[in-house]
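Here the structure is laid out as structure tokens; the discussion comes afterwards.
The values are calculated or read from the model by the stated rules, or taken from the named source; none is laboratory data. Quantities reported herein were computed from a predicted structural model and do not represent experimental measurements. A quick note on method: Cβ atoms are made from the backbone with ideal geometry, for glycine too, and the neighbour counts reach across all protein chains shown.
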Amino acid sequence: MTDDAVVAKASGLRIEDPLGRWPAAVWESDEAYTFPVWSGNSWQLSRAGRSWTLPVPEAFRDHESRYVQDDRLTIICIVEVLRAEEEESAIAEDMQKLLFLSLEPKSTTPACMVPDVTFVVEEAEIQAHRLILAMQSSVFAAELLGDMRESATRRVVVDDMSASTFRAMIRFIYTDEMPIKGKATIKRGCKEKCAARRRVDMALDLLVAADRYDLEKLRLMCEKILSESIDIASVIPTLMAVHGRHSCRQLEASCIEYLASDTTVYANVKATEEYKELKESCCSFLAGVTDKVATSGVEDMTLAPPPNIASHLEQLLVSEKGSDVTFLVEKREIRAHSLVIATRAPALYTMVVATNQKEEHIVPVWGMRVAVFKAVLRFIYTDELPPLEEIVLAAGHSVTTIAQDMLVAASRFHLDRMKDKCETLVGECVSERNVVTMLGLACRHNCKKLQDYCMKFN
């Protein structure tokens, strides 16, 4: 990460009249703001990067008394992070490759990477990996790795869901990518309206699926799409989808706020066919909506940022749940998952295969410190290295020694991205006393960047 690692934009800024007499003052930031995160020798927000000055809207100027009640002013703000880091993780790309393994000949695929569960959805067969699904979803974990009936079978029948929705959900689990395109520019053409309708319908289906399988990040992303798409045609179907789902209260509040925003809006909604059909079949639901509209208010709900694939994999590594391979390093046993190892570090997986062929159950790793091997596993699972100081403390050796060991380990297991990061760590340790040694290290492991740096070092 660099000095301009976090770039954000404020949208949906609004100041409400606490008594409801005046319309809200609404605005957004004119441009994105960069939060610097480098300060001195440690990663932390500098004092200058902790604050962000934004202008107030014209509707607020000279009318402050409208929005201040009991010396209190409430400002609602949504901050969108546009760029959290420069380099994208390769984990999602590696996990996505697993999705296409069902199309490959089993003879060319490592045994641990072959899909081990098949879902039957609308007569379609959709293959997946128990471990990947279980690490993302507590529901899948209980079904596939727990004591439920599905954990003992390779075929699971899924009812009350379309095959296209289930495929989209599986794709999200593997890639962390939303299978719905972003909101397009508003147009009046029939083609664009149909595309927008399909977008809302898919988001509704995925919202229900995310709630069913406890996929918080997917649920929040669907809620965002649906909140941005609320209109006269979609508000009632959206309210029906979130009805009774406690986790979707914020989306429900957005729908109610839309209905309460103007009397003509609610009148137009009542004229829709969906509303008329509901009036005949589900009066209690509409009565509840009417009550909420009458007593609507902005609800303050703060949501914690949901985890991503890397954090789920890190939790999997720490918990050792579902682990099926044991490494022996400096007389210490370390558990891991052959599926993750094979997907992210094929060179290390060859050691696992060689051990299995000998009918042994523990994979020895010679010539490596425990702390360094744990750092290697951490990188394989998260695409990130632990703080160097943390490894140094655990190993009981100097920063220079550990930095060199990390580079050697990355080269040994052909982890190019880790190797690139370790080159930078070693480069920071180069001095007049060790530059020749560091140059030799760079040449042995084909580290061109480090080699050039040592050659130019004065």
Response to the item:
Filtering helices (runs of 4 or more DSSP H) wholly in the range 56-153 for at least 2 residues that are more than 28 Å from the chain's Cα centre (by Cα) and either at pLDDT below 90 or not hydroxyl-bearing (Ser, Thr, Tyr) (or both) gives 64-67
Discussion item. Being part of a helix (DSSP H, G or I) and among the aliphatic types (A, V, I, L, M) is the filter here; which residues of the range 331-363 pass it?
Written reply: LEU339, VAL340, ILE341, ALA342, ALA347, LEU348, MET351, VAL352, VAL353, ALA354
Discussion item. Every residue in the range 260-306 that is within 22 Å of LEU218 (Cα to Cα) and either modelled with pLDDT of 70 or more or of a type in the set (A, V, I, L, M) (or both), please.
Written reply: MET301, LEU303, ALA304
Item to complete: Six or more apart or on different chains, Cβ under 7 Å: which pairs go from a residue in the range 211-236 that's in the same structural domain as VAL200 (by TED's automatic domain parsing) and buried (at least 18 other Cβ atoms within 10 Å of the Cβ) to one that's among the aromatic types (Phe, Trp, Tyr) and at pLDDT 90 or above? Could you list them?
Response: TYR213/PHE140; LEU218/PHE172
Worksheet item: Any chance the range 386-408 includes a residue that's in contact with a Leu (Cβ under 9 Å, 6 or more places away or on another chain), outside the structural domain of MET113 (by TED's automatic domain parsing) and not in a helix (DSSP H, G or I)?
Response: no
Worksheet entry | Selection status of LEU207, closer than 22 Å to GLU80 by Cβ, at pLDDT below 85 and either within 28 Å of the chain's Cα centre (by Cα) or small (Gly, Ala, Ser) (or both) | no
